[in-house]
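Accompanying notes for the structure given below.
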């Protein structure tokens, strides 16, 4: 079991970083679609002062910060709240079951962001580098092998 424990201790913070980066990129895509038309979607070209426009700015800024792992905990907490509000405004009125009201993604984002708010950004994050922690610097250096 020591080998498994060592493996988990080494890779858990790294896999947390991978989860953060992938979720951040997926979330960022919603904001880039609204403001940069990349990719073009039904949400493309929103009015900046509308509810969707404000949320698009939150998605852009929050997505970038999550991908970089910068201010991960407070940003993730805000994004979890944003997704909870989005669920109750846009999805819950359409029905009780998330499968039927198309709210699964909002719920998943909400709880992944809540997890990131507690767990932090992982070993490969700017938060870890900003902490000045020798272990985090070593994780960045050894990840390049």
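The values are calculated or read from the model by the stated rules, or taken from the named source; none is laboratory data. From a predicted model like this one, the values you see are computed outputs, not experimental measurements. Neighbour counts run over all protein chains shown; Cβ positions are idealised from the backbone, glycine included.
Values for this structure:
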quantity: Some residue of the stretch 128-142 being assigned to a loop (DSSP other than H, G, I, E, B), at pLDDT 95 or above and either within 19 Å of residue 9 (Cβ to Cβ) or under 19 Å from the mean Cα position of the chain (by Cα) (or both); calculated: no
quantity: Which numbered condition residue 70 fails, given (1) assigned to a helix (DSSP H, G or I); (2) at pLDDT 95 or above; calculated: (1)
quantity: Condition check for residue 116: at pLDDT 95 or above, surrounded by fewer than 16 Cβ atoms within 10 Å (Cβ to Cβ), under 10 Å from the mean Cα position of the chain (by Cα) and part of a helix (DSSP H, G or I); calculated: no
quantity: Failed condition for residue 27, given (1) touching a residue at least 40 places away in the same chain (Cβ under 8 Å); (2) farther than 18 Å from residue 127 by Cβ; calculated: (2)
quantity: Given (1) assigned to a helix (DSSP H, G or I); (2) in contact with a helix residue (DSSP H, G or I) (Cβ under 8 Å, 6 or more places away or on another chain); (3) surrounded by fewer than 17 Cβ atoms within 10 Å (Cβ to Cβ), number of the condition residue 40 does not satisfy; calculated: (1)
quantity: The listed residue being under 10 Å from the mean Cα position of the chain (by Cα) and either assigned to a loop (DSSP other than H, G, I, E, B) or surrounded by 15 or more Cβ atoms within 10 Å (Cβ to Cβ) (or both), out of 49, 58, 21; calculated: 21
quantity: Count - residues of the stretch 72-101 that are surrounded by 17 or more Cβ atoms within 10 Å (Cβ to Cβ) and farther than 18 Å from residue 111 by Cβ; calculated: 0
quantity: Near pairs, Cβ below 6 angstrom, 6+ apart or cross-chain, from the stretch 94-108 (without any contact (Cβ under 8 Å) to a residue 24 or more places away in the chain and on the phi < 0 side of the Ramachandran plot) to any residue that is part of a helix (DSSP H, G or I) and surrounded by fewer than 16 Cβ atoms within 10 Å (Cβ to Cβ); calculated: 98/104; 98/107; 101/94
